[in-house]
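**Student:** Have a look at this one before I ask anything.
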Amino acid sequence: MRLFKVGDVVWDLKHVRSMHQRGGMYWRVINGEVFNLNPYFATRDAPENADQKKWRFLHRLVESIFEDAGARDTDVTKYWDMLPLSRRVRRANYQCMKSLFYVGRVDTRHSFRCLFPNFLLLAAACLLMLVIFIKFLASLQLSSRRKPQKHDKFVVCQVPCYTEGEASLRRTIDSLATLGYDDKHRLLFIICDGNIVGSGNDRPTPRIVLDILGVDPKLDPPARSFRSIGEGGQQHNMAKVYSGLYEYEGHVVPYLVVAKIGKPSEKSRPGNRGKRDSQMLLLHFLSRVHFEAPMSPLDLEIYHQMKNVIGVHPSLYEYVMMIDADTEVMPDSLTRLVACMVHDAKVIGICGETQLTNEDFTWTTMIQVYEYFISHHMAKAFESLFGSVTCLPGCFCMYRLRTARGMPLIISKNVVNDYAENHVDTLHKKNLLSLGEDRYLTTLMMKYFPQFKMTFTADAKCKTTAPDTWSVLLSQRRRWINSTVHNLAELMFLPEMCGFCCFSMRFVVFIDLLGTLTMPCTMFYLAYLVYVAVTKIADVGYISLILIGAIYGLQAVIFVLKRQWQHIGWMVIYLLAYPLWSFFIPIYAFWHMDDFSWGNTRIVVGEDGKRQIFVKDEEPFNPDEIPMHTWAEYEADAAKRHQQQQEIEAMGQAIGEFGANGMRPVSRFTHIP
């Protein structure tokens, strides 16, 4: 019979108690097991068996806990445990009852112990529903776009570039030139990361940028030394500085181009040190200007170009807007970002909405449209309620350089030193600094300035080019996912974060981190739900279905209320690609968490047009190679050199007045030779 056993029959405890107390039956419960001793007592008490002891085979003490006339509780476990019987006798009586009178177990499916996981799941679902609902409310913002007030704050528009094409660079530069912001109060600060020819280009990136700006090809300023982020001799780098005015469609905007060319000994990718190094070039300079610290020759040249050529003292700049070289900024975006910061002095970092320029280019771009929209209008809008947007994208964001009282922010020594970390020797550091530098910069700002805000405004917009091939998208998401995990882990341990307990930014960060790590599990669970629904082997998890419906239903409502009808279609396309987003890409990213390359997002062409193997420079670095001077020392030295030059010119003029024989000509006063 064991071959055919399915399981124990279960009895509702209320039913067993009713038969005991109301029906007077010998149904009892011992250790969760139900025994029906009605046949035993009926046989024992039958008149014809009154004198036969063989029907009294249970111990009289065992019989006593059943014969209570309904006075005791149905569960007699405690009385059973209190029986003064030896272990052998107790076991013999129990085996006898189990063999003859056992009828099943107590049904515990509705007990608190069994229902606790359901209660826990329900509580978690309600909490998640609350978060989703608040995200929904945060994303509505149904008020019309107000015209922002114009301000006269000085802004640096930083554009790091590497191997972008001429069309992309021209689109970015032209969009910055035509911004609806006063031309004299903004500076295009373009940093070319190496003298490199990108794939599809016919000349190096610095030359493309200079040609777009109209710089004379014959102009060749001297290279200046500065300290880069790198290993060994790679820390010594050199760059050339160009400045002037860019005229486009009636706008005349000052620009400053820093072209990193590397040392003369560099042959492979000369000057290239990465995007973080390009960002640090400007942040180091602005920090040294604020603290009046010693500067490198490159810093001094930039200072000179800003102060004496462009005509704006570097200390006057209050904001830095960071733009990627493939981003097109909408005309009113800079005005709106500055207006938000001026309106709320607590805001030290802000970003706008990033849209795609190539939405329907390929299936790879089509599956990204919905994600870009919802990540801004729900995720960033929700985090903005706490004043803690966890990632200000490097393609379009703005930071405040200092407070109104002069306290340094993004140019503070803590932020600059941590972001310029040169010794990247752990998996955690490499994911923070090599793959997710933009997100890590936001993390540092939240770490050192928890009393200030990092926000999002949907009114400021830009357009960028999304990866249009699967390999490039995979490489990009690998970097994004892995850097997200490590940055969220950093945020989890920040001492000060907005809110309390489940209503805090720390809880939101924990949910994001858990959701990122468990993304592949959602695919398995959805497959399980489909299997259960088809086979009907169990009840479908209605809580999960309600959650899924709420998530995507509320998002559809957002599209309707904002009249973004097209995003309903983009959501359907995204859902069709859901296995890629939730399973394949995260698994690929986690498997390659120790891969710190940038993939094929940028391809470098060597002199022979073939891919090259770059040998790491093991040359030691000598800090004395880069002389450091303050601007005051530099000006004093320049004035001294100018005075010496004037003296030399005067002496030459005096010597020229003598004749060929060395005799002074006739005096103009005495007329005597």
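The values are calculated or read from the model by the stated rules, or taken from the named source; none is laboratory data. From a predicted model like this one, the values you see are computed outputs, not experimental measurements. Quick reminder, even Gly has a Cβ in these numbers, built from the backbone with ideal geometry, and neighbours come from all protein chains shown. To get the accessible areas, we keep the full protein, side chains included, count just its heavy atoms, and leave off ligands, DNA and RNA. Shrake-Rupley method; radii C 1.70, N 1.55, O 1.52, S 1.80 Å.
**Student:** What do you get for Rg/Rh of the stretch 44-199 when both radii come from the Cα atoms and Rh is the Kirkwood radius? The partial results should precede the final answer.
**Tutor:** Working: Rg = 42.2 Å, Rh = 26.2 Å.
Ratio of gyration radius to Kirkwood radius for the stretch 44-199: 1.61.
**Student:** Another question, if that's okay. Report, please, the projected area of the stretch 384-529 averaged over directions, based on the convex hull of its C-alpha atoms, in nm².
**Tutor:** On the way: hull surface 47.1 nm².
Averaging across all directions leaves 11.8 nm² for the Cα convex hull.
**Student:** Got a number for carbon plus sulfur as a percent of the chain's accessible area, 1.4 Å probe? Please report the intermediate quantities before stating the final value.
**Tutor:** Values: 20490 of 35000 Å².
Carbon-and-sulfur percentage of accessible area, whole number: 59.
**Student:** Lysines near LYS218 by alpha-carbon distance under 26 Å, same-chain residues fewer than 8 away left out - which ones?
**Tutor:** Answer for LYS218, where 26 Å is the Cα cut-off: LYS240, LYS260, LYS263, LYS267, LYS307, listed by chain and number.
**Student:** Would you mind computing the Rg to Rh ratio of the stretch 216-351 from its alpha-carbon coordinates, Kirkwood style for Rh?
**Tutor:** On the way: Rg = 16.6 Å, Rh = 16.9 Å.
Reported Rg/Rh (Cα atoms, Kirkwood Rh): 0.98.
**Student:** Follow-up question, since we're still on this one. Working out 0.36 nm times the residue gap between SER471 and TYR588, then minus their Cα-Cα distance, what length gain in nm do you get to one decimal? Walk me through the intermediate numbers first.
**Tutor:** Details: separation 117, 0.36 × 117 = 42.12 nm, distance 1.18 nm.
Result for the pair: 40.9 nm of gain on full extension.
**Student:** To continue, here is another question. At a Förster distance of 35 Å, what's the computed FRET efficiency of MET25 paired with ARG2, Cβ-Cβ distance as r, to 0.05?
**Tutor:** On the way: r = 29 Å, r/R0 = 0.83.
Taking R0 as 35 Å, the efficiency between MET25 and ARG2 is 0.75.
**Student:** What FRET efficiency comes out for the pair GLU635/LYS147, r = Cβ-Cβ distance, R0 = 30 Å, nearest 0.05? Please list the in-between numbers first.
**Tutor:** Working: r = 43 Å, r/R0 = 1.45.
So the FRET efficiency works out to roughly 0.10.
**Student:** Also, quick follow-up: Run down the lysines and flag those whose C-alpha is under 25 Å from the C-alpha of LYS98, throwing out any fewer than 8 positions away in its chain.
**Tutor:** LYS5, LYS14, LYS53, LYS54, LYS78
**Student:** With a bin width of 5 angstrom, please list the P(r) values of the stretch 543-593 as percents of all Cα-Cα pairs, from the 0 bin to the one holding the largest distance.
**Tutor:** Values per bin, smallest distances first: 5, 18, 18, 20, 17, 12, 7, 3, 0.
**Student:** May I pose another question? For the stretch 456-598, compute the orientation-averaged projected area of the C-alpha convex hull (one quarter of its surface), in nm².
**Tutor:** Values: hull surface 48.3 nm².
Hull-based average projected area comes out at 12.1 nm².
**Student:** Can you work out D for the stretch 1-55 in µm² s⁻¹ from Stokes-Einstein, where Rh is the Kirkwood radius over C-alpha pairs, the temperature is 20 °C and the viscosity is 1.002 mPa s?
**Tutor:** Numbers: Rh = 13.4 Å.
Diffusion coefficient, whole number: 160 µm²/s.
**Student:** Rounded to whole Å and ordered largest first, report the semi-axes of the equivalent ellipsoid of the stretch 369-437 derived from its Cα gyration tensor (root of 5λ).
**Tutor:** Numbers: eigenvalues 125, 88, 18 Å².
Equivalent ellipsoid semi-axes, largest first: 25, 21, 10 Å.
**Student:** Quick one: Karplus J couplings for the stretch 175-185, per residue in order, coefficients 6.51, -1.76, 1.60, θ = phi - 60°, nearest Hz, x for Gly and Pro?
**Tutor:** Karplus values, whole Hz, x for Gly and Pro: 5, 6, 6, 9, 4, x, 10, 3, 4, 6, 9.
**Student:** Suppose R0 equals 25 Å. What FRET efficiency, 1/(1 + (r/R0)^6) with r the Cβ-Cβ distance, do SER375 and ALA527 give to the nearest 0.05?
**Tutor:** Working: r = 25 Å, r/R0 = 1.01.
Once the sixth-power term is evaluated, E becomes 0.50.
**Student:** Next up: At 10 °C and 1.306 mPa s, grab the translational diffusion coefficient of the chain from Stokes-Einstein with a Kirkwood Rh over Cα pairs, rounded to a whole number in µm² per second.
**Tutor:** Values: Rh = 31.0 Å.
After rounding, the answer is 51 µm²/s.
**Student:** Can I ask one more? Once label points are set 7 Å from the Cα along Cα→Cβ at both ILE551 and ASP595, what is their separation, rounded to one decimal in nm?
**Tutor:** 2.6 nm
**Student:** Report, to two decimal places, the Cα Rg of the stretch 11-103 normalised by 2.2 N^0.38 Å (N = number of residues). All intermediate terms of the calculation are to be shown ahead of the outcome.
**Tutor:** Numbers: Rg = 13.0 Å, N = 93, 2.2 N^0.38 = 12.3 Å.
The value comes to 1.05.
**Student:** Over the chain, with the other protein chains present, what is the accessible area per residue in square angstrom, probe 1.4 angstrom?
**Tutor:** Details: 35000 Å² over 673 residues.
That works out to 52 Å² for each residue.
**Student:** For the stretch 147-289, what is Rg from Cα atoms divided by 2.2 N^0.38 Å, rounded to two decimals? It would help to have the intermediate numbers written out before the result.
**Tutor:** On the way: Rg = 15.5 Å, N = 143, 2.2 N^0.38 = 14.5 Å.
Here the Cα radius of gyration is 1.07 times the empirical estimate.
**Student:** Taking Cα centroids, how far is the stretch 208-255 from the stretch 23-55 in Å?
**Tutor:** If we compute the Cα centre of each part, the gap is 101 Å.
**Student:** Listed here are the pairs LYS413/LYS447; LYS380/LYS447; LYS150/LYS346; LYS150/LYS275; which of them are more than 22 Å apart at the Cα? Walk me through the numbers before you get to the answer.
**Tutor:** Details: LYS413/LYS447 13 Å; LYS380/LYS447 18 Å; LYS150/LYS346 19 Å; LYS150/LYS275 31 Å.
Long pairs (Cα-Cα over 22 Å): LYS150/LYS275.
**Student:** Sticking with this one: Rounded to the nearest whole Å³, what is the per residue volume of the convex hull around the Cα atoms of the stretch 128-227?
**Tutor:** Details: hull volume 22.9 nm³, N = 100.
Convex hull of Cα atoms, per residue: 229 Å³.
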